[in-house]
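J.: What follows is a structure written as structure tokens; I'll ask about it next.
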Amino acid sequence: MVPALSLCKLLCSVFLAPQHAGMPLTMVSWPMNTSNHASTNANTLVRQVLHFGRYPVMWREKWIGPANLDRAQLKITGMDTYALVAAVLLQVIIGLYTSVPEPAADDPHIKYPRLQRIVFETQMALLMIAVMCSTYTMVTFLLCKIYTVLALGMYQDVAFDLFFQGTKRLRVSAFWSLIWSMNTFLLAFALNLYTRIKGNRGLLLSVAGILVLLPVGRDWMEILSLADQFIYHTA
């Protein structure tokens, strides 16, 4: 069994190299239980050996062809989903951007004028970052989708594979740009509580909203870490 596992690792690194062109998350790391991690890795290696029959199929598709249009459609659908999420998020961000009121100097409800101004300017900066990141994600994935579909439509399977691998770095950047856009938008939304509800109560609600974002971000990073462990590291 030990030689078989070593052979499986070698074949995984050779035959599954194209899969790394999808959306690698090697920069994500999250601490996990050591015993559970080792047990999961062992089970994964055994199941990789049992699924050995997929490697010749993948090798034939990559070097002999033609491309598997069903799997190519899955990749295109993934890029389309990223672009759609970024577009919807962009609309929401612009709506919040135009609805945040600038604090008036003569407003009697403002208890801390300087803090109110700082919060307002911070919101504008966060929303500006969110808008630019969402736009970058939307346009990048739309362009990738357009040219991958064009290559497949012109029966250029090799060009499709090369283009998909060549745009890996751009797609990874667009993915993390979407994550940053979501985080900055949520942070700006939490600060908006202080803009809407002025005084100590608004300040407490804004701080509570920011604290709620901490477990949300932790869970998101855990999902990315699991994807990195079970999808990309096993490939």
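J.: Give me the residue from the range 99-131 that is of a type in the set (Ser, Thr, Tyr) and at pLDDT below 85 and, out of that set, nearest to Leu186 (Cα to Cα).
T.: Applying the filter and picking the extreme gives Ser99.
J.: More than 30 Å from Pro101 (Cβ to Cβ), more than 23 Å from the chain's Cα centre (by Cα) and surrounded by 18 or more Cβ atoms within 10 Å (Cβ to Cβ): does that describe Ala159?
T.: It is false that Ala159 is more than 30 Å from Pro101 (Cβ to Cβ), more than 23 Å from the chain's Cα centre (by Cα) and surrounded by 18 or more Cβ atoms within 10 Å (Cβ to Cβ).
For (1) β-branched (Val, Ile, Thr); (2) at pLDDT 95 or above, each residue gets a yes or a no:
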residue	(1), (2)
Cys133	no, yes
Tyr136	no, yes
Thr148	yes, no
Gln156	no, no
Gln165	no, no
Ile197	yes, no
Ile210	yes, no
Leu224	no, no
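J.: Could you tell me which residue of the range 119-156 is farthest from the chain's Cα centre (by Cα), considering only residues that are assigned to a helix (DSSP H, G or I) and of a type in the set (Ser, Thr, Tyr)?
T.: Top of the filtered list is Thr122.
J.: Sticking with this one: Does Asp80 count as modelled with pLDDT under 95, among the charged types (D, E, K, R) and under 18 Å from the mean Cα position of the chain (by Cα)?
T.: Answer is yes for this residue.
J.: Name the residue that is surrounded by the fewest Cβ atoms within 10 Å (Cβ to Cβ), counting only residues in the range 162-185 that are of a type in the set (Gly, Ala, Ser) and either closer than 13 Å to Thr137 by Cα or over 25 Å from the mean Cα position of the chain (by Cα) (or both).
T.: Selected residue: Ser173.
J.: Could you check the range 89-120 and list, in sequence order, the residues that are out of contact with any Phe, Trp or Tyr (no Cβ under 8 Å at 6 or more places or on another chain), surrounded by 12 or more Cβ atoms within 10 Å (Cβ to Cβ) and within 30 Å of Val139 (Cα to Cα)?
T.: Listed by number, the residues that qualify are Leu90, Ile94, Tyr97, Phe120.
The values are calculated or read from the model by the stated rules, or taken from the named source; none is laboratory data. Model, not experiment: these values are computed from the prediction. Because the Cβ atoms are built from the backbone with ideal geometry, glycine has one as well, and the counts that use them run over all protein chains shown.
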